[in-house]
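All remarks here apply to the structure that follows.
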Amino acid sequence: MNILLLGSGGRESAFAWKLSQSSHCDKLIIAPGNGGTGTYGTNININVNDFDSIKKIVLSENIDMVIVGSEEPLVNGIHDFFLADSSISHVPVIGPKKEGAILEGSKDFSKKFMERHGIPTASSKSFTPDTLEDGLAYLQTHPLPVVLKADGLAAGKGVLICTETIEAQEELKLMLGGKFGAAGATVVIEEFLSGIELSVFILTDGENYVTLPSAKDYKRIGLGDTGLNTGGMGSISPVPFATPEFLAKVEERIIKPTVDGLKKDNIDYTGFIFFGLIKVGEEPYVIEYNARMGDPETESVVPRIENDLVELFLATANKQLNQVNLVISEQTAATVMIVAGGYPGEYLKGKAISGIENLRHSNAFHAGTLLENDVVKTNGGRVIAITSLQDDMFTALQSATADAGRIYFDGKYFREDIGFDLI
Ligand code: AMP
Ligand code: GLY
C-alpha cells in the first residue's frame, strides 16, 4: 500500500517510524514531514491545509490511504474534501469528518455534547458578544478559580484560569472583543477542577473502537511542572495512577457514552479520539476532546502498540475494529522533549544538531527539525522527542533523560524531571 501521512511533528515521526515497519507499507510519503521523517519514507513539502496539492499527490503517487496527524486539516474538512471528489473519494482518510472534528474544533459543541450524553465534565455556560452582560453577571457569583475557554482552535492559548472575579470579567470582555479572533466569538465559562491530568486515546471506526495505551503529558516548561504552558515537554505510558479500576470507570462513563453519543447524534466518526481527562479523587472528568492523537503522548503510546499499525488503520477504514486483537507491551515508554532555548517564547532556528547517533537506549523522534545539506538543524520550538521503552518505569525515565543529554545544539533545553514525580 502507498500511504500519505500529514503532519510534521514528533507525533508524525512516531507514526512514520511504526508505519514503515509494516509489511503492508510499500511507499510512505510524509507531507510536509521534518528533518527525521525522511528516514522512514519520502518527505513532500506541501502544507497540510493545502487540499488541492494533497489531492495531486494522492493521484500522482497512487496513494491508498491518508492518515491525518494534526487537527487543523480535520477541522477544515479534509475528510469531507476527499468524499466530495469522485477522483479521490475511494481513498480512506484516517481522521474524522468536519462533523466529528468539531468535538475538538468547538468547546461549546463538546460541552453540550457531554451534557447531552451524561459524560462527566466541569459544569459550564457559554456566552457570546450579545450576552456579554449576562456573562459578567454569571462571573460575579462564580466560585474561584474560574476557567475561561475560547470556543475555537486557538493554538493551545485559548484557556485562561482566573483567580479573581475582576480579572475574569476583564478577560471575558477581551476575549469576546476579539482577543483570539473568531476562535473567541463564543467563550465557555467553566468550573475549575482540581486533580491530576492524563490522556486516554481510542481509535474508532464509528461502530467499534480499541482503547490505546493511556499516557501522561508534562505541559509546563520548568522543572516541577512550573512556568509557562508548552505543547508538551515529555510523556510517559502507562500512567501509574491510571489503575485498572480507574480505567474501567473511564471506559464505562466516558469512552462508551462518547462513541454511543456520536452514533445517536448521527456523527460518523473514523479516527482517533483523545480524551483529555482529569482525575478528581478517584473520579474521571473530561477536560477536553481532541480529534487526533496527542503530542508528545504519541511518542510514548505508539512504541507500546505491538500490532501492525497499517492493519489497525485498514480495520478502521473497513469498520472491522471489532476483529482486531490489540496487543500492548507491558513495558514503559518515557519521552523527553528537547526544545529550543527561549521556547515557548521566542527562540532561534537553524542551529546544527549533533549527537543523535550517540543515543544508547532510545529512539529520536524528530519534531521541529529540517535537513539542510545533510545537516540536521533546528526548525521549531519542540525539536526532538527522545523515547525509551524499557521493562520498568525508572529505567525508561533514566534512559530517555540520559539520552536527551547526548544530543547537542546551541541553546538546547529539556526537563530532567519528566515522570520522576510518579515513582
Ligand atoms: P484545554 O485546552 O481544554 O486542554 O485546557 C488547557 C489546560 O487548562 C488543561 O490541560 C488543564 O490543565 C487546564 N484546564 C482546562 N479546563 C480546566 C478545568 N475545568 N479545571 C482545571 N483545569 C483546567
Ligand atoms: N499533548 C497535548 C496535545 O497534544 O494536545
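Every number in this text was worked out from the coordinates using simple rules, so none of it is lab data. Because the structure is predicted, anything quoted here is derived from the model rather than measured. In this analysis, Cβ positions are derived from the backbone assuming ideal geometry, glycine residues included, and neighbour counts consider all displayed protein chains.
Residues that are more than 18 Å from GLY195 (Cβ to Cβ) and in contact with an Asp or Glu (Cβ under 8 Å, 6 or more places away or on another chain) within the stretch 236-252 comprise just one, SER237.
So is ARG253 within 16 Å of ligand 2 (Cβ to nearest atom), of a type outside the set (A, V, I, L, M) and surrounded by fewer than 22 Cβ atoms within 10 Å (Cβ to Cβ) or not? No, not satisfied. Within the stretch 13-63, the set of residues being part of a loop (DSSP other than H, G, I, E, B) and over 23 Å from LYS377 (Cα atoms) comprises SER20, GLN21, SER22, SER23, HIS24, CYS25, ASP26, ASN49, ASP50, GLU61, ASN62, ILE63. Scanning the stretch 11-59 for residues that are of a type in the set (Asp, Glu) and touching a residue at least 40 places away in the same chain (Cβ under 8 Å) turns up just one, GLU12. Against the list (1) assigned to a helix (DSSP H, G or I); (2) among the hydrophobic types (A, V, I, L, M, F, W, C); (3) surrounded by fewer than 22 Cβ atoms within 10 Å (Cβ to Cβ); (4) under 24 Å from the mean Cα position of the chain (by Cα), the condition VAL147 fails is (1).
Could you check, for the stretch 301-324, whether at least one of its residues is closer than 30 Å to LYS27 by Cα, within 16 Å of ligand 2 (Cβ to nearest atom) and either in a strand (DSSP E or B) or touching a strand residue (DSSP E or B) at 6+ places or on another chain (Cβ under 9 Å) (or both)? For the stretch 301-324, residues closer than 30 Å to LYS27 by Cα, within 16 Å of ligand 2 (Cβ to nearest atom) and either in a strand (DSSP E or B) or touching a strand residue (DSSP E or B) at 6+ places or on another chain (Cβ under 9 Å) (or both): present.
If I go through the stretch 76-111 residue by residue, how many of them are of a type outside the set (Asp, Glu), outside any strand (DSSP E or B) and farther than 12 Å from TYR289 by Cβ? Of the residues in the stretch 76-111, 18 are of a type outside the set (Asp, Glu), outside any strand (DSSP E or B) and farther than 12 Å from TYR289 by Cβ.
Scan the stretch 117-157 residue by residue and report those that are without any contact (Cβ under 8 Å) to a residue 24 or more places away in the chain and of a type in the set (Gly, Ala, Ser). Selection gives ALA137, ALA155. Here LEU153 qualifies as assigned to a loop (DSSP other than H, G, I, E, B) and either within 30 Å of LEU262 (Cβ to Cβ) or touching a Ser or Thr at 6+ places or on another chain (Cβ under 7 Å) (or both). Of all residues in the stretch 191-228, those satisfying the criterion of being within 16 Å of ligand 2 (Cβ to nearest atom), in contact with a strand residue (DSSP E or B) (Cβ under 6 Å, 6 or more places away or on another chain) and either without any contact (Cβ under 8 Å) to a residue 40 or more places away in the chain or not aliphatic (A, V, I, L, M) (or both) are GLU197, SER199, PHE201, PRO213, SER214, LYS216, ASP217, TYR218, LYS219, ARG220. For the stretch 312-325, does any single residue satisfy the condition of being within 25 Å of LEU74 (Cα to Cα), within 16 Å of ligand 1 (Cβ to nearest atom) and in contact with a helix residue (DSSP H, G or I) (Cβ under 8 Å, 6 or more places away or on another chain)? The answer is no, given that none of the residues of the stretch 312-325 is within 25 Å of LEU74 (Cα to Cα), within 16 Å of ligand 1 (Cβ to nearest atom) and in contact with a helix residue (DSSP H, G or I) (Cβ under 8 Å, 6 or more places away or on another chain). Here GLY135 fits the description: over 25 Å from the mean Cα position of the chain (by Cα) and buried (at least 22 other Cβ atoms within 10 Å of the Cβ). The one condition from (1) farther than 20 Å from VAL68 by Cβ; (2) within 17 Å of the chain's Cα centre (by Cα); (3) surrounded by 23 or more Cβ atoms within 10 Å (Cβ to Cβ) that ILE287 does not meet is (3). Sub-9 Å Cβ pairs linking a first residue in the stretch 284-299 that is farther than 10 Å from PHE201 by Cα and in a helix (DSSP H, G or I) to a second residue that is among the hydroxyl-bearing types (Ser, Thr, Tyr) and near ligand 2 (Cβ under 10 Å from one of its atoms), at least 6 apart or interchain, are GLU299/SER235, ordered by first then second residue.
Identification of strands (runs of 3 or more DSSP E) wholly contained in the stretch 157-241 with 2 or more residues that are within 11 Å of ligand 1 (Cβ to nearest atom) yields 159-162, 187-191, 196-204.
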